[in-house]
Amino acid sequence: MSAPFDLERLLAETFVASIDYHDELGSTNTRALELAADQDRLRPLLVITDRQHAGRGRGHNQWWAGPGALTFSLLVDSETIEVPQKNWPLVSLATGLAVAEAVARFVTADLRVKWPNDVYLNGRKVCGILAEASSHPEGVMVIGIGLNVNNSAQHAPTELRPFIASLVDTCQRPLDRTDVLIALLQRLSERLVTLRDDPNQLADAWQERCYLTGRTVQLDMGTQRVTGVVQGIDPEGALCLFTEGGLHRCFSGIVSKII
Ligand code: BTN
C-alpha cells in the first residue's frame, strides 16, 4: 500500500530532512525517541503514521486518534532548531502557536493556544503537543503533534466528544493531510526562527492567542495548587496568574480546572 501522505512533497517543501513512515504505529513519539541515537537518520526527522493506536499525552494521558487524524513527531537537535536547550520549554508554546496559525489557513474559526501545549478551536481541543527530551543522547528533542483533521469528533469515545474539535467537522469536508502538514511544518520552522531571533515578537503573538487570558483557573504544580485569574503568557513562557497572594509566574503545571 502506498503512503497516504506525499512524502516527496514533504521533503521538498519543508525543513524535514528525512522521513520514517509507518502505516500503523503505537506512538510516533516512542518511535522517534528510539531513533534518537541513530546517526544515519538526517534531522529534522519526521516520524509519521497513518494510524496511531497507542498515542501518549502529558502525564498518564492517552491520545485518541481515529482514522484520518494527523499524528507525527519531529526529532530535532539543538543545532538544527538553533534554540538553546534552556529555552526548550518555549518550543512547545512556539509549536502550539505555529499549529494555530497554520490551521487558520484552512478554517475560519477562533484558534487559540491553551498554555502550555494545546490548541483550541472554537473552545474545544483540536491539537495536543507532547515535547520530550531524549536522555540518550542528550541535546535531542522530540516534538509530537496530534491534530484532529479528518477524524470527526462524532467517532471519538463518548466521554471525549463534547471536548474535542476536528477540522473536518468545522470545514464540512475532508482536507488533504499532506497540505495541512506542509503548512504546519513551514509555519513551525518560521516560528522556531522567531523564537531564536525575536522572542518578544513571539510573546506578543501567543499573548494574542492565549485561550486562558481573563479566565480563573486552578493550576496544579506537583503538590502545590494555585488558583487565580490568568493575565497572559510572559516572554519567558510563564503563565501569569493573579492570585490572592499577588502575581504568580508559573513555568510548569497542569490546568486542572477552568472556573
Ligand atoms: C496531550 O494533549 O497531552 C498531548 C498529546 C500529544 C499526542 C501526540 S500524537 C503524535 C505524538 N505521538 C504520541 O504518542 N503523542 C504525540
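The values are calculated or read from the model by the stated rules, or taken from the named source; none is laboratory data. What you see is a predicted model, and the numbers here were worked out from it, not measured in a lab. Neighbour counts run over all protein chains shown; Cβ positions are idealised from the backbone, glycine included. Ligands, DNA and RNA are excluded from the accessible area calculation, which covers all protein heavy atoms including side chains. Shrake-Rupley method; radii C 1.70, N 1.55, O 1.52, S 1.80 Å.
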Next item on the list: Taking the Cα centre of the chain as origin, work out the dipole magnitude from +1 charges on Lys and Arg Cβ and -1 charges on Asp and Glu Cβ, in debye rounded to 20.
Entry: 920
Item checked: ³J(HN,Hα) computed for each position of region 155-163 - Karplus, 6.51 cos²θ - 1.76 cosθ + 1.60, integer Hz, glycine/proline x -> 9, 7, x, 3, 5, 8, 2, x, 9
Checklist line | Surface share of carbon and sulfur [accessible, 1.4 angstrom probe, percent] for region 189-240 | finding: 42
Next item on the list: Starting from the residue with the highest accessible area, list T227, T158, T243 in decreasing order, probe 1.4 Å.
Entry: T158, T227, T243
Next item on the list: Mind ranking I259, I145 by accessible surface for me, highest first, 1.4 Å probe?
Entry: I259, I145
Next item on the list: Give me the accessible area of R124, 1.4 Å probe, in Å² rounded to the nearest 10.
Entry: 100
Checklist line | Kyte-Doolittle mean at least 0.0 and Cα axial length at least 27 Å: DSSP H helices in the chain | finding: 177-197
Note to self: Multiplying the sequence separation of C171 and R105 by 0.36 nm and subtracting their Cα-Cα distance, what value in nm do you get?
What the structure shows: 22.6 nm
Margin query: Residues of region 61-81 with the amide nitrogen closer than 16 Å to a label point 7 Å from the Cα of E138, along Cα-to-Cβ, please.
Written below: 77-79
Notebook entry, point to check: For N117, which sequence-distant residues (separation of 5 or more, or a different chain) have an amide H within less than 5 Å of its own amide H, given hydrogens modelled in the peptide plane?
Noted result: none
Item checked: Linear extension gain, T227 paired with D40, 0.36 nm per residue minus alpha-carbon span -> 62.5 nm
Checklist line | Karplus (6.51, -1.76, 1.60) ³J(HN,Hα), θ = phi - 60°, over region 62-67, in Hz, Gly and Pro reported as x | finding: 10, 10, 7, 9, x, x
Next item on the list: Set the Förster radius R0 to 35 Å, insert the Cβ-Cβ distance between R58 and Q186 as r into 1/(1 + (r/R0)^6), and round the FRET efficiency to 0.05.
Entry: 0.85
Note to self: Order S256, S135 by their accessible area, 1.4 angstrom probe, all chains in place, largest first.
What the structure shows: S135, S256
Checklist line | FRET efficiency, D197 to R51 (Cβ-Cβ, R0 51 Å, nearest 0.05) | finding: 0.85
Check: Between R161 and E208, how many nm apart are label points set 7 Å from Cα along the C-beta direction?
Finding: 3.7
Check: Quick one: with all protein chains in place, what share of the accessible area of region 24-107 is carbon or sulfur, to the nearest percent (1.4 Å probe)?
Finding: 47
Next item on the list: Express the accessible area of the chain per residue in Å², computed with a 1.4 Å probe while the remaining protein chains stay in the model.
Entry: 46
Check: At a Förster radius of 45 Å, what calculated FRET efficiency corresponds to the Cβ-Cβ distance of E13 and F251, to the nearest 0.05?
Finding: 0.80
